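Trainee: Below is the structure I would like to discuss, written out as structure tokens.
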Amino acid sequence: MSSFSYTMVDRDGKIKKGTMEALSQELVMSSIIAQGYTPVSIRAQNKWDKDIDFNFKSAVKPRDLSMFCRKFVSILSAGVSIINALDMLQEQTENKTLSKAILAVKTSVEKGETLAHAMGSQVGIFTKLLVQMVEAGEASGNLEIAFERMAIHFEKDAKIKTQVKKAMIYPSIIGLVSVLVIIVMMVVVIPSFMSMFNDMSIEIPKLTKVVLGTSKFIQKWWYIIALVVFALAMALYIFKKSDKGKELFGGIALKTPVLGKLNIKSTSARFTRTLSTLLAAGIPMIEAVDITARTFDNLIVKNILLDAKEEIARGVPISIPLKKSGIFPPMVCHMAKIGEETGNIDNMLVKVADYYEEEVEAATQVFMAIMEPGIIIILSIIIGILVMSIMQPMMSMYGGIEVY
């Protein structure tokens, strides 16, 4: 996705400038026109002349889209027209970014565009999956069913992502607190004993010497350490954004003990839920797999599904490339194969999705149950070493005192 600078004329005849992220200039133009404005000029920005945008937009999350779909279904079921429904949704939506997008969609629909095309012009707001489902619903006359399915999909997707994040946030916080405790001990607590140890006429143990030396080093060169840590963090962040980095971290996420199993189960749940939703709407298998692949951030999973799409185009059943990948559990492959043989693959995938969504919840609890005592044990060992380094010379000193 590229960044574009544009100049436009608003409804009051005033000239306005801004930037927009989009796949092409045509989509930027469509988005501007959809909002009722007149584009004057549009040009792609390069890395030297990108504008700094201080207008932070609120992100549109799966839960926001789920509420949007749910409300749309309720309003349409009451016999309200699409334009009036969009008008009502725009007023009820709390997310400002989504509210503006709904207003732009309404303007486009009033001008004669289809709902799917109008939603598709709002790049980065409505997912391709949602747009495809709306297009299928308009073609079949089952728009309410399409929005109902998407509401369920977004709810399930949000639940899975929340569970995985929950599993990661807790150990991250505990780990951060542990690091802070260790730093405080090395910089504040241990140095307070330095003068006492220096006045002792006893030999200081090696462990104490190492800890004291480390403490002195941190106090003297803390800014160098902070700079190195920052540089390494930035280098890791940049590498993670590269294709090789995405592939490496994608593989680590799937192969790490305990956490890898959790990610595989969440991937299986999201894959089967998304694919079944698209297939149930009548979207062809090749296109459905392509859309599903692009919903994943993990490059390993995305490439596996894109390769599967190519094999499906050559007439190979989807269960075969899924099995060859070695990523998806046997149950996913077997159920997909049974669905292909019976001609009922969308329902089979729904059952698989339900199963793995429950597995994700159970795996999350297991992961947290393992991580909590593990982190506490590691922290206890480190703190124990620091305490021992202080206690050893003190015990030696007390042992050398003669009792009369």
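The values are calculated or read from the model by the stated rules, or taken from the named source; none is laboratory data. Note that the coordinates shown come from a computational prediction; the quantities given were computed from them, not determined experimentally. We place every Cβ from the backbone using ideal geometry, glycine too, and count neighbours over all the protein chains shown.
Trainee: Kindly provide the set of residues from the stretch 63-98 that are buried (at least 18 other Cβ atoms within 10 Å of the Cβ) and either within 30 Å of Gln163 (Cβ to Cβ) or among the aromatic types (Phe, Trp, Tyr) (or both), ordered by number.
Mentor: Within the stretch 63-98, Asp64, Leu65, Ser66, Met67, Phe68, Cys69, Phe72, Val73, Leu89, Thr93, Asn95, Leu98 meet the criteria.
Trainee: What residue, among those in the stretch 276-291 that are part of a helix (DSSP H, G or I) and aliphatic (A, V, I, L, M), is surrounded by the fewest Cβ atoms within 10 Å (Cβ to Cβ)?
Mentor: Ile286
Trainee: Quickly run through the stretch 58-94 and pick out the residues that are of a type in the set (D, E, K, R) and either within 17 Å of Lys156 (Cα to Cα) or under 28 Å from the mean Cα position of the chain (by Cα) (or both).
Mentor: Lys61, Arg63, Asp64, Arg70, Lys71, Glu94
Trainee: Separate question: Is it the case that some residue within the stretch 287-296 is in contact with a Ser or Thr (Cβ under 7 Å, 6 or more places away or on another chain) and aliphatic (A, V, I, L, M)?
Mentor: no
Trainee: Filtering the stretch 355-386 down to residues that are out of contact with any Ser or Thr (no Cβ under 9 Å at 6 or more places or on another chain) and acidic (Asp, Glu), which residue is nearest to Lys161 (Cα to Cα)?
Mentor: For the stretch 355-386, the residue satisfying everything is Glu361.
Trainee: Could you say whether any residue in the stretch 34-43 is modelled with pLDDT of 75 or more, outside the structural domain of Lys111 (by TED's automatic domain parsing) and not in a strand (DSSP E or B)?
Mentor: Yes: the stretch 34-43 contains one or more residues that are modelled with pLDDT of 75 or more, outside the structural domain of Lys111 (by TED's automatic domain parsing) and not in a strand (DSSP E or B).
Trainee: Run down Arg273, Arg294 and say which single residue is among the charged types (D, E, K, R), in the same structural domain as Gly343 (by TED's automatic domain parsing), buried (at least 18 other Cβ atoms within 10 Å of the Cβ) and within 30 Å of Ala167 (Cα to Cα).
Mentor: Testing whether each residue is among the charged types (D, E, K, R), in the same structural domain as Gly343 (by TED's automatic domain parsing), buried (at least 18 other Cβ atoms within 10 Å of the Cβ) and within 30 Å of Ala167 (Cα to Cα) leaves just Arg273.
Trainee: Considering the stretch 105-158 alone, what residues qualify as being among the aromatic types (Phe, Trp, Tyr) and outside any helix (DSSP H, G or I)?
Mentor: Of everything in the stretch 105-158, just one residue is among the aromatic types (Phe, Trp, Tyr) and outside any helix (DSSP H, G or I), namely Phe126.
Trainee: Cβ-Cβ distance below 8 Å, separation of 6 or more or different chains: which pairs start in the stretch 108-125 with a residue that is in contact (Cβ under 8 Å) with a residue 40 or more places away in the chain and end on one that is surrounded by fewer than 17 Cβ atoms within 10 Å (Cβ to Cβ) and not polar (S, T, N, Q)?
Mentor: What qualifies is Val123/Met1; Val123/Glu21; Val123/Leu23; Gly124/Met1; Gly124/Glu21.
Trainee: Taking Glu310, is it farther than 30 Å from Ser178 by Cα, at pLDDT below 90 and among the acidic types (Asp, Glu)?
Mentor: Criteria not met by Glu310.
Trainee: Read through the list (1) within 24 Å of Lys128 (Cβ to Cβ); (2) modelled with pLDDT of 80 or more; (3) in a strand (DSSP E or B), then give the number of the only condition that Asp64 fails.
Mentor: (3)
Trainee: Now, a different point. Given the conditions (1) out of contact with any Phe, Trp or Tyr (no Cβ under 8 Å at 6 or more places or on another chain); (2) on the phi < 0 side of the Ramachandran plot; (3) not acidic (Asp, Glu), and given that Gly282 satisfies all but one, which numbered condition is not satisfied?
Mentor: Exception for Gly282: condition (2).
Trainee: Out of Ala369, Ala362, Ala353, which single residue is touching a Lys or Arg at 6+ places or on another chain (Cβ under 6 Å) and part of a helix (DSSP H, G or I)?
Mentor: The unique qualifying residue is Ala353.
Trainee: Separate question: Surrounded by fewer than 14 Cβ atoms within 10 Å (Cβ to Cβ), assigned by TED's automatic domain parsing to the domain that holds Lys265 and over 22 Å from the mean Cα position of the chain (by Cα), is that true of Ala362?
Mentor: no
Trainee: If you go through the stretch 313-329 one residue at a time, do you hit one that is assigned to a helix (DSSP H, G or I), loosely packed, with under 14 Cβ neighbours inside 10 Å and more than 26 Å from the chain's Cα centre (by Cα)?
Mentor: yes
Trainee: Now, a different point. Given the criteria under 28 Å from the mean Cα position of the chain (by Cα), among the acidic types (Asp, Glu) and over 17 Å from Lys71 (Cα atoms), does Glu113 qualify?
Mentor: So Glu113 fails the test.
Trainee: State all residues of the stretch 330-353 that are surrounded by fewer than 16 Cβ atoms within 10 Å (Cβ to Cβ) and either within 26 Å of the chain's Cα centre (by Cα) or not hydrophobic (A, V, I, L, M, F, W, C) (or both); if no residue qualifies, say none.
Mentor: Scanning the stretch 330-353 gives Pro330, Met331, His334, Glu341, Thr342, Gly343, Asn344, Asn347, Lys351.
Trainee: Something else now. Looking for something under 23 Å from Leu386 (Cβ atoms) and crowded, with 18+ Cβ neighbours inside 10 Å - is there at least one such residue anywhere in the stretch 128-138?
Mentor: No; the residues of the stretch 128-138 include none that is under 23 Å from Leu386 (Cβ atoms) and crowded, with 18+ Cβ neighbours inside 10 Å.
Trainee: I would also like to ask the following. Among the helices (runs of 4 or more DSSP H) lying completely within the stretch 174-269, list those that include at least 3 residues that are at pLDDT below 85.
Mentor: Hits in the stretch 174-269: 194-199, 206-220.
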